[in-house]
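One structure is given below, encoded as structure tokens.
The values are calculated or read from the model by the stated rules, or taken from the named source; none is laboratory data. Just so you know, these numbers come straight off a predicted model, no measurement behind them. All Cβ positions, even for glycine, are placed from backbone atoms using ideal geometry, and neighbour counts span all protein chains on display.
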């Protein structure tokens with residue numbers, strides 16, 4: 001089990017809590033701790049951790065979290081057989097708030113890990129903040145998630161601003177001085193693209209083509225070929241396509257049909273085994289951003305990769321790694337604070353640095369992760385490999 005790099009006793013936690021509340025609100029007020037009994041009996045009766053994930057995105061995230069849970073549950077530490085998992089499916093992004101309400105209604109749930117998309121994480125965060133449940137989202141990158149000054153909300157991946165900067169750096173290293181842009185009119189697309197256009201201007205990257213399209217639910221029957229034909233009338237060295245799976249796969253297959261052979265740049269939403277499963281050879285030469293580096297040399301990641309592969313018969317991807325990272329982080333926070341009170345855990349997360357699968361990281365007062373590096377990975381013949389520019 002990974003440990004916090006710095007541990008605080010109860011007095012230090014209380015001191016940090018007072019300081020944090022003063023910074024956040026300008027004056028201190030008595031915090032309302034969770035009303036459930038799980039917070040105080042964390043080493044006695046135990047507590048419940050919620051896992052929320054859409055079934056259409058596969059169960060790799062759930063598998064990663066479950067592996068971390070199994071290792072704790074079968075270990076010899078004080079949390080052996082003390083943590084219960086409650087897994088819920090989120091079938092549509094708009095179900096985020098409803099699922100969060102059902103999860104938070106369980107008084108034994110002290111924390112929730114999950115909610116794949118920005119669209120679901122934002123409304124879910126409102127519920128968890130109101131219900132005083134710790135919330136760690138592994139993949140939601142929209143900056144708005146942490147701009148409310150919430151106490152219980154944390155993001156485990158860099159936001160869209162960092163992703164846009166990484167895409168621009170990748171373009172420069174690919175010698176793509178002209179980048180066409182095609183994006184879905186979704187919260188993700190409308191968040192990343194303005195950030196990228198601003199960075200591109202600073203990096204002297206020319207943008208000869210920018211178009212958007214409706215993020216239709218019936219993606220299998222959407223025809224993106226007219227837009228791609230229009231793009232081909234311009235000169236570009238690479239094309240940035242900002243969308244989420246599975247719809248992104250249809251854009252890629254249409255691009256292949258239209259003869260687009262230039263490198264495709266994409267965000268972390270394309271970092272999934274589903275990319276090849278859905279798009280096949282059309283996914284070749286796609287470069288994605290990711291907070292997970294599959295070629296990481298850290299002993300923590302290499303050991304996790306071996307255990308995950310042995311347990312599930314496949315190597316861990318982005319979602320699986322984030323699931324394991326998030327659950328391990330929560331356990332380390334419980335052990336460091338000697339409490340399962342969500343408010344104490346939230347303070348402990350902010351006051352400590354943590355050693356994860358890919359190195360050390362920490363959190364800002366707003367709940368944004370600091371220290372997680374963004375990798376660039378290329379899809380080739382069904383496998384991602386990290387690109388070292």
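Observations, loosely collected:
- Test: residue in segment 254-263 that is surrounded by fewer than 24 Cβ atoms within 10 Å (Cβ to Cβ) and closer than 20 Å to residue 217 by Cα: yes
Conditions tested, residue by residue: (1) assigned to a loop (DSSP other than H, G, I, E, B); (2) within 20 Å of residue 233 (Cβ to Cβ); (3) free of Cβ contacts under 8 Å to residues at least 12 places away in the same chain.
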| residue | (1), (2), (3) |
| --- | --- |
| 171 | no, no, no |
| 176 | yes, yes, no |
| 179 | no, yes, no |
| 192 | no, no, no |
| 196 | no, no, no |
| 201 | no, no, yes |
| 211 | no, yes, no |
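- Answer from 106, 116 - the residue that is in contact with a strand residue (DSSP E or B) (Cβ under 9 Å, 6 or more places away or on another chain), within 28 Å of residue 65 (Cα to Cα) and surrounded by fewer than 20 Cβ atoms within 10 Å (Cβ to Cβ): 106
- 1 or more residues more than 27 Å from residue 192 (Cβ to Cβ): qualifying helices (runs of 4 or more DSSP H) within segment 261-341: 299-312, 318-337
- Whichever residue in segment 181-190 is over 13 Å from residue 239 (Cα atoms) and in contact (Cβ under 8 Å) with a residue 24 or more places away in the chain and, among such residues, is surrounded by the fewest Cβ atoms within 10 Å (Cβ to Cβ): 185
- Residue 129 passes every criterion in (1) in the same structural domain as residue 331 (by TED's automatic domain parsing); (2) farther than 29 Å from residue 328 by Cα apart from (2).
- Checking residue 110 against (1) in contact with a helix residue (DSSP H, G or I) (Cβ under 7 Å, 6 or more places away or on another chain); (2) more than 30 Å from residue 231 (Cα to Cα); (3) modelled with pLDDT under 95; (4) not in a helix (DSSP H, G or I), the condition it does not meet: (3)
- Between 378, 350, the distinction of being assigned to a strand (DSSP E or B), modelled with pLDDT of 95 or more and more than 17 Å from the chain's Cα centre (by Cα) belongs to 378 only.
- Residues in segment 39-57 include at least one that is over 22 Å from residue 321 (Cα atoms), surrounded by 14 or more Cβ atoms within 10 Å (Cβ to Cβ) and modelled with pLDDT of 85 or more.
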